[in-house]
Amino acid sequence: MRIPVLLTTLSAALAARPVPGVPENIYIERVPDTGRLPTVTAHGMGDSCFNRGFKHVTEAIANATGSYAVCIPGAPNEPEDTLSGFFVTMNRNVEIFAKKVREDPQLANGFNAAGFSQGNSVIRGYIHMYNDPPVKTFLSVHGTVMGVSGFPECNPAHRFFGPVCDILDDVLGEAAYFEETQDLLFQANYYRDPMRFGDHQYRKNSQIAFWNGEGLTVNQTYKDNFVKVDRFAMIKAMKDTVVYPNEGEWWGSFAPHTYHTTLTMNETEMYQKDLFGLKTVNEAGKIVFNHTDKNHLDFTEAQLQWWVQNYFLE
């Protein structure tokens, strides 16, 4: 009974929220033009392009490449940009991202993209739906690219979560694929419950199912755009307690109908059937894998510099 009540409460609370338009201003770093590709960054859940820490990330990439770098927010200021990572849908965030990319003349000939956590979902969506101007290299740091099967710090393999995790599990499990939930919460859009991979509601309503080629309809353009990317650099956090399973950061997944068996990228149905182009890009040698030893987004500036040097500049 609590699921309908929670949805009603959420709907009432969010009905009056402003739907963010395209932000008027974005935070950018400009450095002398070296002829190298520019970079677009995308921040994670609870963060913002206007946050001092994430500004530093964008600036560090600009300094390492010696080229233009820009972070594209979902709204024109820090509070709204942060909230857009919760209460604006994944597809709408992609639309905003694409509009600002296309309006920026410095990105007209293509760019490298660096996503962090949930920001990688926005970049992946841009690649599928638009990829014009094209993404050359996609650096995914601890990314939600394959979706998640649990809420942060609530490992779904441990079925006795505690009261808060239990409620979140109910909302993201039982109600995740209701149209109302998909229209309310960014996180519901990339939630993949392994117990429901073949479920009609998942295939009909889930945004991540549509991107993965698991939906009721297939968009060939999504696959065509995906395989145009030159390189995918996938960074996994080995002790991640935010993205479940963390193998998803390397395009893996839980096996159907279990939280205890994890499939590597090559073992997933999406890869084997090449539903969205993953097998094509891997067989073309376009995917590289790396990792960090600690928890989610716990990396050093030296590691960031190494990724930029090896994946953007070589």
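The values are calculated or read from the model by the stated rules, or taken from the named source; none is laboratory data. Predicted model, so just to flag it, every value in this text is computed and none were measured. All Cβ positions, glycine included, derive from the backbone under ideal geometry; neighbour counts span all protein chains shown. To get the accessible areas, we keep the full protein, side chains included, count just its heavy atoms, and leave off ligands, DNA and RNA. Shrake-Rupley method; radii C 1.70, N 1.55, O 1.52, S 1.80 Å.
Tallying residues that are within 18 Å of residue 141 (Cβ to Cβ), assigned to a loop (DSSP other than H, G, I, E, B) and open to solvent by less than 10 Å² (accessible area, probe 1.4 Å) within the range 206-258 yields 4.
Could you please let me know if residue 274 is among the acidic types (Asp, Glu) and surrounded by 20 or more Cβ atoms within 10 Å (Cβ to Cβ)? Against the criterion (among the acidic types (Asp, Glu) and surrounded by 20 or more Cβ atoms within 10 Å (Cβ to Cβ)), residue 274 does not qualify. Of all residues in the range 191-213, those satisfying the criterion of being in contact with a His (Cβ under 7 Å, 6 or more places away or on another chain) and more than 15 Å from residue 144 (Cα to Cα) are 194, 195. The single residue among 138, 116, 151 that is surrounded by fewer than 22 Cβ atoms within 10 Å (Cβ to Cβ), aromatic (Phe, Trp, Tyr) and out of contact with any Pro (no Cβ under 9 Å at 6 or more places or on another chain) turns out to be 151. Of 60, 75, 98, 64, all but one fail to be outside any helix (DSSP H, G or I) and either under 19 Å from residue 222 (Cα atoms) or in contact with a helix residue (DSSP H, G or I) (Cβ under 8 Å, 6 or more places away or on another chain) (or both); the exception is 75. Taking the range 78-95 as the range and being in a helix (DSSP H, G or I) and open to solvent by 10 Å² or more (accessible area, probe 1.4 Å) as the test, the residues that pass are 78, 79, 80, 82, 83, 86, 87, 91, 92, 93, 95. Could you list, in sequence order, all residues of the range 179-190 that are aliphatic (A, V, I, L, M), in contact (Cβ under 8 Å) with a residue 40 or more places away in the chain and either assigned to a helix (DSSP H, G or I) or farther than 16 Å from residue 144 by Cβ (or both)? Listed by number, the list holds a single entry, 184.
For the range 277-285, the criterion of being under 21 Å from residue 117 (Cα atoms), touching a residue at least 60 places away in the same chain (Cβ under 8 Å), open to solvent by less than 10 Å² (accessible area, probe 1.4 Å) and not charged (D, E, K, R) is met by none of the residues.
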